[in-house]
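One structure is given here, and the rest of the page talks about it.
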Amino acid sequence: MRAACAPVIAAAVRSHPDVITAGADGQALFGPVIGADPRRYIETGIAETNLVAMAAGLARTGWRPVVGAMAPFLIRRAYEQIRLDVSLPGLPVLLLGVGGGLSYGPLGPTHHAVDDIALMSALPRMDIYCPADATDAAHVLRACLPPGRPTYIRLTAREDPPVIDSGQPGDVHAVRTLRAGRDALVLATGRCVAEALAAAEHRAGAGLDVAVAAVTCLHPFPAERVRELARDFSLVVTAEEAAGPGGLGDRVATAVGGPPAQVTRLRVDDRYPPVGTHEELLAFYGVDRSAITSALTRTLIRKGDHEDPV
Amino acid sequence: MSSSAEQPSRHSPPAEHRPVGPADVLAFADRARLRVLRLAATKALHVGPALSVIDLLATLRLTVLRDRPGRPDWPDRDRLLLSKGHGAYGLYAVLAESGVLAGDLHRLPGHPADGLPGVEAATGALGHGLSLGCGMALGTRLAGRPGRIVVVTGDGELDEGTNWEAAQFAAHHRLANLVAVVDRNGLQQEGWTEDVLRLEPLADKWRAFGWSVAEADGHDPAAVRYAVTALLDGPGPGVLLAHTIKGRGVSFMENDPGWHMGRLTAEQLSTATAELAARATARPQAVRA
């Protein structure tokens, strides 16, 4: 995602004289900015709490900072600065968390940030985006630049399977239906969009017609649109690479509010993970294509809507 | 905003203020003290920390910082950040005495809140102010504007690690328009700083981090003004270790950590008020009333 995002950030710095960037010894997002005008990138060294509060100070003197750092350290270590220095005064600071969720895979739990969405969701003022792939991430960035309010975008550490049409990325604030279907609806965010599409493809081979929609904007949440979509289904499955409250599943369940649709939430639970690749960890937590496939099958059998052919 | 010009004007002294002598500052500060004490007779508040820092805040506001009366949002103002947010009522009282803050101080929050005139940032979670000040100092310089940033921290507050991230940052980026003033009263909530978590040799620590260091009696307006002005004219960030007395001005509060937070009885308020009045009488006549 960083390769797709870096030129978008550089373009915003070029077109808006009040946009400035800052990072903590991780410059992959800001290489083109530094190349064009090194004064528009502020280096704090490996010091995330100072990074965030310093950026808030920049914002208080008229700048619109774009802050990028590794998600676990940006969000967990600097959480108090994010809450009190950025969110509370509502400053135009854009936070880019690289490696949100499990995408650092075998680097281990020090580098995972499955709690970033829950932590950001607990803030009264914080827009939250979880892009589905690199195209989506660049598209979200274009929508969020120049920064106008406290905003968090979760980026992945590695390239994820492409799922969004780069020619027609759609409205990042909407619910984008990527695959139509009649039997069930899977709402997914981030990397789980690719997993949901793979699961729907797999079930199609078994005669199940599953719709898949991507939800990139978690706050403000498109609740009305989710409610409308869910109205046509008896089963809605949510899939997200996130733990704790405030994620996609909770937001969908609240929006849907009850029958006729049953909401099955697939999300990261409260176990610490074993060593594994990103894909293995998605499987460990039951948010990968196989888990989504099982959830669809299991629930539809129980409801008697469908005879599992397998 | 222009990011091209990088020519901060750091020349002191402030041009915007009328001449104010040390006796004026001390008289002003004691009027602010009285406001704090009266409030502390109605509810428990951080009275010791407020009395410790009031002379510093009064000196900075009256003799160092450049502002425009009636325009707390003037973009080229010097900014004063009270990082030790628990000294809030000291700041409120000084702002009220300056005419910046009007209305009932009793209703204001126990830590400085956004949106109040003269409050540059919500503080109170310790260890944020210096980083905020770094961003303000750098942002001001990058924009080619003349504003200077003064961050007042507690000494116990320096236990928080973020201060030292900010200290490294300020030195690396040569933030010459940034000054930290440490309210070095030697006490934190549970006792002497040197017993809770040793800070000394504090001046050497700042020097090792690349800062210019000055020390002064924090209750001596002339000394504080001289030191802060010199630091602001220096080539990089500067820190004033301002030696102060927690609870300054009220004998039974001075150096007593029990008054970190407290509420005065009517009798205590009466005693404290009498002490302030006696100080005023003993003080050389102020140049201006």
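For the subset of region B:89-137 comprising residues that are open to solvent by 10 Å² or more (accessible area, probe 1.4 Å) and polar (S, T, N, Q), which member is modelled with the lowest pLDDT?
Within region B:89-137, the match that is modelled with the lowest pLDDT is B:Ser98.
Checking B:Arg31 against (1) open to solvent by 20 Å² or more (accessible area, probe 1.4 Å); (2) more than 14 Å from every other protein chain (Cβ to nearest Cβ); (3) modelled with pLDDT under 95, which single condition isn't satisfied?
Result: B:Arg31 fails condition (3) only.
So how many residues does region A:76-104 have that are closer than 28 Å to A:Arg14 by Cβ and open to solvent by 30 Å² or more (accessible area, probe 1.4 Å)?
Residues meeting the conditions: 1.
Residues are listed down the side, and each one gets a yes or a no for (1) facing another protein chain (nearest Cβ under 7 Å); (2) under 14 Å from B:Val239 (Cα atoms):
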position: B:Gly129; (1), (2): no, yes
position: B:Leu132; (1), (2): yes, no
position: B:Gly139; (1), (2): yes, no
position: B:Gly144; (1), (2): no, no
position: B:Gly147; (1), (2): no, no
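Given the criterion touching an Asp or Glu at 6+ places or on another chain (Cβ under 9 Å), of a type in the set (Lys, Arg) and within 30 Å of B:Ala203 (Cα to Cα), identify the matching residue among B:Arg225, B:Arg248, B:Arg283.
Among B:Arg225, B:Arg248, B:Arg283, only B:Arg248 is touching an Asp or Glu at 6+ places or on another chain (Cβ under 9 Å), of a type in the set (Lys, Arg) and within 30 Å of B:Ala203 (Cα to Cα).
Determine, yes or no, whether B:Arg77 is within 14 Å of chain A (Cβ to nearest Cβ), modelled with pLDDT of 95 or more and either in contact with a Phe, Trp or Tyr (Cβ under 8 Å, 6 or more places away or on another chain) or open to solvent by 20 Å² or more (accessible area, probe 1.4 Å) (or both).
Considered against the rule, which asks whether it is within 14 Å of chain A (Cβ to nearest Cβ), modelled with pLDDT of 95 or more and either in contact with a Phe, Trp or Tyr (Cβ under 8 Å, 6 or more places away or on another chain) or open to solvent by 20 Å² or more (accessible area, probe 1.4 Å) (or both), B:Arg77 comes out as yes.
Out of A:Ala184, A:Ala213, A:Ala261, which single residue is within 30 Å of A:Pro109 (Cα to Cα) and either of a type in the set (Asp, Glu) or crowded, with 18+ Cβ neighbours inside 10 Å (or both)?
Result: A:Ala213 is the single residue among A:Ala184, A:Ala213, A:Ala261 that is within 30 Å of A:Pro109 (Cα to Cα) and either of a type in the set (Asp, Glu) or crowded, with 18+ Cβ neighbours inside 10 Å (or both).
Just for region B:274-289: of the residues that are farther than 22 Å from B:Leu56 by Cβ and not in a loop (DSSP other than H, G, I, E, B), which one is modelled with the highest pLDDT?
B:Ala274
Restricting the search to region B:247-263, which residues are open to solvent by 40 Å² or more (accessible area, probe 1.4 Å) and touching a helix residue (DSSP H, G or I) at 6+ places or on another chain (Cβ under 8 Å)?
Matches in region B:247-263: B:Arg248, B:Ser251, B:Phe252, B:Asp256, B:Pro257, B:Met261, B:Arg263.
Among the residues of region A:135-179, write down those that are assigned to a helix (DSSP H, G or I) and either touching a His at 6+ places or on another chain (Cβ under 6 Å) or open to solvent by less than 20 Å² (accessible area, probe 1.4 Å) (or both).
Of everything in region A:135-179, those that are assigned to a helix (DSSP H, G or I) and either touching a His at 6+ places or on another chain (Cβ under 6 Å) or open to solvent by less than 20 Å² (accessible area, probe 1.4 Å) (or both) turn out to be A:Asp136, A:Ala137, A:Ala138, A:Val140, A:Leu141, A:Cys144.
Quick one: how many residues across region A:3-58 are at the interface with chain B (Cβ under 9 Å from one of its Cβ atoms) and of a type in the set (Ser, Thr, Tyr)?
Of the residues in region A:3-58, 2 are at the interface with chain B (Cβ under 9 Å from one of its Cβ atoms) and of a type in the set (Ser, Thr, Tyr).
Scanning region A:59-70 for residues that are aliphatic (A, V, I, L, M) and more than 8 Å from chain B (Cβ to nearest Cβ), which turns out farthest from B:Leu138 (Cα to Cα)?
Here the answer is A:Met70.
Quick test of your reading of the structure: B:Glu215 fulfils all but one of (1) under 22 Å from the mean Cα position of the chain (by Cα); (2) buried (at least 19 other Cβ atoms within 10 Å of the Cβ). Name the failing condition by number.
(2)
Checking A:Phe73 against (1) away from chain B (no Cβ under 14 Å); (2) open to solvent by 40 Å² or more (accessible area, probe 1.4 Å); (3) within 18 Å of the chain's Cα centre (by Cα), which test does it fail?
With respect to (1) away from chain B (no Cβ under 14 Å); (2) open to solvent by 40 Å² or more (accessible area, probe 1.4 Å); (3) within 18 Å of the chain's Cα centre (by Cα), A:Phe73 is out only on (1).
Can you spot a residue in region A:91-109 that is in contact with a Cys (Cβ under 7 Å, 6 or more places away or on another chain) and either closer than 30 Å to B:Leu116 by Cα or assigned by TED's automatic domain parsing to the domain that holds A:Ala283 (or both)?
Yes, region A:91-109 contains a residue that is in contact with a Cys (Cβ under 7 Å, 6 or more places away or on another chain) and either closer than 30 Å to B:Leu116 by Cα or assigned by TED's automatic domain parsing to the domain that holds A:Ala283 (or both).
From the list A:Ala36, A:Ala28, A:Ala3, which one is modelled with pLDDT under 95, open to solvent by 40 Å² or more (accessible area, probe 1.4 Å) and either more than 24 Å from B:Glu165 (Cβ to Cβ) or outside the structural domain of A:Tyr104 (by TED's automatic domain parsing) (or both)?
From the options A:Ala36, A:Ala28, A:Ala3, the qualifying one is A:Ala3.
So which pairs qualify, if the first residue must be in region B:131-159 and on the phi > 0 side of the Ramachandran plot, the second must be of a type in the set (D, E, K, R) and in a loop (DSSP other than H, G, I, E, B), the Cβ gap must be under 8 Å, and the two must be at least 6 apart or on different chains?
B:Gly144/B:Glu6
Being in contact (Cβ under 8 Å) with a residue 12 or more places away in the chain and open to solvent by less than 10 Å² (accessible area, probe 1.4 Å) is the requirement here; does A:Ile46 meet it?
For A:Ile46, the condition - in contact (Cβ under 8 Å) with a residue 12 or more places away in the chain and open to solvent by less than 10 Å² (accessible area, probe 1.4 Å) - is not met.
What helices (runs of 4 or more DSSP H) lie completely within region B:177-257 and have 2 or more residues being under 16 Å from B:Val150 (Cβ atoms)?
B:221-232
The values are calculated or read from the model by the stated rules, or taken from the named source; none is laboratory data. The model shown is predicted, which means the values in this text are computed figures rather than measured ones. Positions of Cβ are generated from backbone atoms using ideal geometry, with glycine treated the same way; all protein chains shown enter the neighbour counts. We work out accessible area using only protein heavy atoms, side chains counted, and drop any ligands, DNA or RNA first. Shrake-Rupley method; radii C 1.70, N 1.55, O 1.52, S 1.80 Å.
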